[in-house]
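Right, one structure below, let's go through it.
The values are calculated or read from the model by the stated rules, or taken from the named source; none is laboratory data. Only a predicted model underlies this, so the values are computations on that prediction, with no experimental measurement involved. Cβ coordinates were reconstructed from backbone atoms using ideal geometry, including for glycine residues, and neighbour counts include every protein chain displayed. For the accessible areas, the whole protein counts, side chains as well, though only heavy atoms, and no ligand, DNA or RNA atoms are used. Shrake-Rupley method; radii C 1.70, N 1.55, O 1.52, S 1.80 Å.
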Amino acid sequence: MESMQTKVFSNKVTNLCQGHKITKIPSHRTKTLAFPVKGSSTKLVLHQNDLSAPQNLVYRSQRKHDIATRALSSAEPCVIDKFDPDEVHSITKQERIGVLLLNLGGPETLNDVQPFLYNLFADPDIIRLPRLFKFLQKPLAQLISLLRAPKSKEAYASIGGGSPLLRITNEQAEALKEALEEKKLHANIYVGMRYWHPFTEEAINQIKKDHISKLVVLPLYPQFSISTSGSSISVLNNIFREDGYFEGLPISIIESWYQRDGYIQSMADLIQKELLSFSNSEEVMIFFSAHGVPVSYVEDAGDPYRDQMEDCISLIMCELKSRGVKNSHVLAYQSRVGPVQWLKPYTDEKIVELGQNGVKSLLAVPISFVSEHIETLEEIDMEYKELALESGIENWGRVPALNCTSSFISDLANLVIEALPTASAVARSRNDNNCTDDSETDATQYAVKMLFGSVIAFFLLLFPKLISFFKNSLF
């Protein structure tokens, strides 16, 4: 070999290759030392934990699809070509950054509707049963999904036969990746849906395959709620505590971001643009419609959703007023289900009230959503528009969801960059007794639970009046 040869011993870590110092590479599991071999696709990787035992040193060929390892004895020196220290330094600066986007998910076909609804209502953060009745969670979800499926299928059929949420979220992921590249940050972007494919667990599996060394979790819900961001984050925290891969992995979880200037300004831009489509723009009522949650979430469970939503609206209106937009506004809550009380005022009732009070022009603003989906395309664009026109409102408009608006995506990229330094390790759970096993591995227990659900369903079928009550009150 023509180039200079150097003997490397494990106890001479800082004096390798004739005085060139090898800088440590950050790793969430094991500190490593690495440098390239000239004229080869291989790199020498020394694991810090093995430095005190030369016989355990490993030489790893880091070709794309091949990791070959062999033990080196203390008597066998490594032969390495001379290398550029700047090149090594650049390697040490490289990390595998991952960004996990969380969203609700939606059925892609009409056949997906009923199982999607089952996943939704089987979530204990959506239907919060008393502890005594937790065993009814899945049977009740099965019953509700079966009863709601026909009406939901009609709604999805009216917008093309499925939800566009996954397509739009994938587009946002790609746009975010490009925005981060422009800001000199390379990151892998993953999409994890709560109630339909690709599930959060699927995204986690890909993150592990890609050997991500630092992770930012970004829910695509501007405001935090137990039933949205909270539910997805709860699933993630369970995975992080139980999966050894995530032990010590730096993770930053962004719970809400509604107060960011970039988001507020992007929303104000869309509202201001849509106001110009009205002939009498100064007379238009700005109607913010947010996804509702049960009052008990806020008053009993401490959900900050209502406070964050009201604060968000205030910030947007302040931004609009700074631009000379002085329209009046109102906030209401949509999409309630079940007989319990939800946050008020309700969107449908408020629309009727405004029509009766003489409001003639209404601009609907979907404020909980950054992507078009069933609640914007069908519930707002069809149901509420029809209700508004029937109630005496003559001019109707709707602000589009942010989707891939460039200013919005750019601000998300800034948010990710700002979150990276705050990433910290998640402690792994060591006590299996403290963990709740939802896997239903006990077949007997699962059968008993489903039997209860079947009995309930059969009982309701025998009494049509009860079915009517469930349809009218729950659905």
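Looking at this structure, is Tyr333 crowded, with 16+ Cβ neighbours inside 10 Å, closer than 25 Å to Val298 by Cβ, more than 27 Å from the chain's Cα centre (by Cα) and of a type in the set (Ser, Thr, Tyr)?
No, not satisfied.
Could you tell me whether any residue of region 158-166 is on the phi > 0 side of the Ramachandran plot and without any contact (Cβ under 8 Å) to a residue 40 or more places away in the chain?
So far as region 158-166 goes, yes, one or more of its residues are on the phi > 0 side of the Ramachandran plot and without any contact (Cβ under 8 Å) to a residue 40 or more places away in the chain.
Which condition number in (1) β-branched (Val, Ile, Thr); (2) open to solvent by less than 50 Å² (accessible area, probe 1.4 Å); (3) more than 25 Å from Phe116 (Cβ to Cβ); (4) in a helix (DSSP H, G or I) is the one that Ile417 fails?
Ile417 satisfies all of (1) β-branched (Val, Ile, Thr); (2) open to solvent by less than 50 Å² (accessible area, probe 1.4 Å); (3) more than 25 Å from Phe116 (Cβ to Cβ); (4) in a helix (DSSP H, G or I) except (2).
Could you check, for region 224-235, whether at least one of its residues is of a type in the set (A, V, I, L, M, F, W, C), outside the structural domain of Arg128 (by the TED database) and out of contact with any helix residue (DSSP H, G or I) (no Cβ under 7 Å at 6 or more places or on another chain)?
Looking for residues that are of a type in the set (A, V, I, L, M, F, W, C), outside the structural domain of Arg128 (by the TED database) and out of contact with any helix residue (DSSP H, G or I) (no Cβ under 7 Å at 6 or more places or on another chain), one finds none in region 224-235, hence no.
Does Asn433 satisfy the condition of being among the polar types (S, T, N, Q) and either buried (at least 21 other Cβ atoms within 10 Å of the Cβ) or modelled with pLDDT of 95 or more (or both)?
Taking the combined requirement at face value, the residue does not satisfy it.
Being open to solvent by 10 Å² or more (accessible area, probe 1.4 Å) and over 14 Å from Tyr297 (Cα atoms) is the filter here, so list the residues in region 205-230 that pass it.
Hits for region 205-230 are Asn205, Gln206, Lys208, Lys209, Asp210, His211, Ser213, Lys214, Tyr221.
Can you find even one residue in region 309-323 that is part of a strand (DSSP E or B) and either surrounded by 14 or more Cβ atoms within 10 Å (Cβ to Cβ) or touching a residue at least 12 places away in the same chain (Cβ under 8 Å) (or both)?
Checked region 309-323: no residue is part of a strand (DSSP E or B) and either surrounded by 14 or more Cβ atoms within 10 Å (Cβ to Cβ) or touching a residue at least 12 places away in the same chain (Cβ under 8 Å) (or both).
May I ask you to list pairs of residues, at least six apart or on different chains, whose Cβ atoms are under 7 Å apart, with the first in region 261-286 being under 20 Å from Met309 (Cβ atoms) and open to solvent by less than 70 Å² (accessible area, probe 1.4 Å) and the second being assigned to a helix (DSSP H, G or I) and of a type in the set (A, V, I, L, M)?
Ile264/Leu315; Ile264/Ile316; Met267/Ile316; Ala268/Ile316; Ala268/Leu320; Ile271/Leu320; Met285/Leu354; Ile286/Ile271
Quick check on region 349-365: of everything there that is assigned to a helix (DSSP H, G or I) and open to solvent by 30 Å² or more (accessible area, probe 1.4 Å), which residue is farthest from Thr405 (Cα to Cα)?
Restricting to residues being assigned to a helix (DSSP H, G or I) and open to solvent by 30 Å² or more (accessible area, probe 1.4 Å), the top hit is Gln356.
So that you can scan it fast, the table gives a plain yes or no per residue for (1) among the β-branched types (Val, Ile, Thr); (2) closer than 25 Å to Thr228 by Cβ:
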residue	(1), (2)
Asp311	no, yes
Leu315	no, yes
Glu319	no, yes
Val340	yes, yes
Leu343	no, yes
Val359	yes, no
Leu362	no, no
Ile367	yes, yes
Glu372	no, yes
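Answer with yes or no whether Ala149 is assigned by the TED database to the domain that holds Val217, open to solvent by 30 Å² or more (accessible area, probe 1.4 Å) and over 19 Å from Ser231 (Cα atoms).
Criteria not met by Ala149.
Return yes or no: is Arg128 within 28 Å of Glu310 (Cβ to Cβ) and touching a Ser or Thr at 6+ places or on another chain (Cβ under 7 Å)?
no
Given the criterion open to solvent by 10 Å² or more (accessible area, probe 1.4 Å), more than 14 Å from the chain's Cα centre (by Cα) and within 30 Å of Gly302 (Cα to Cα), identify the matching residue among Asn238, Asn188.
Among Asn238, Asn188, only Asn238 is open to solvent by 10 Å² or more (accessible area, probe 1.4 Å), more than 14 Å from the chain's Cα centre (by Cα) and within 30 Å of Gly302 (Cα to Cα).
Tell me whether region 113-127 contains one or more residues that are part of a loop (DSSP other than H, G, I, E, B), in contact (Cβ under 8 Å) with a residue 40 or more places away in the chain and not aliphatic (A, V, I, L, M).
Yes, region 113-127 has at least one match.
Quick one: in region 366-402, which of the residues that are under 18 Å from the mean Cα position of the chain (by Cα) and among the polar types (S, T, N, Q) is surrounded by the fewest Cβ atoms within 10 Å (Cβ to Cβ)?
Filtering region 366-402 for residues that are under 18 Å from the mean Cα position of the chain (by Cα) and among the polar types (S, T, N, Q), the one surrounded by the fewest Cβ atoms within 10 Å (Cβ to Cβ) comes out as Ser371.
Please work out which one of (1) within 17 Å of Lys344 (Cα to Cα); (2) open to solvent by 10 Å² or more (accessible area, probe 1.4 Å) is the condition Tyr258 fails and give its number.
Of everything listed in (1) within 17 Å of Lys344 (Cα to Cα); (2) open to solvent by 10 Å² or more (accessible area, probe 1.4 Å), Tyr258 misses just condition (1).
Looking at region 291-304, I want the residues that are touching a residue at least 40 places away in the same chain (Cβ under 8 Å) and over 14 Å from Val337 (Cβ atoms) and have a partner that is open to solvent by 50 Å² or more (accessible area, probe 1.4 Å) and in a helix (DSSP H, G or I) with Cβ atoms under 8 Å, at least 6 apart or on another chain. Which pairs are those?
From region 291-304, the pairs are Val298/Arg306.
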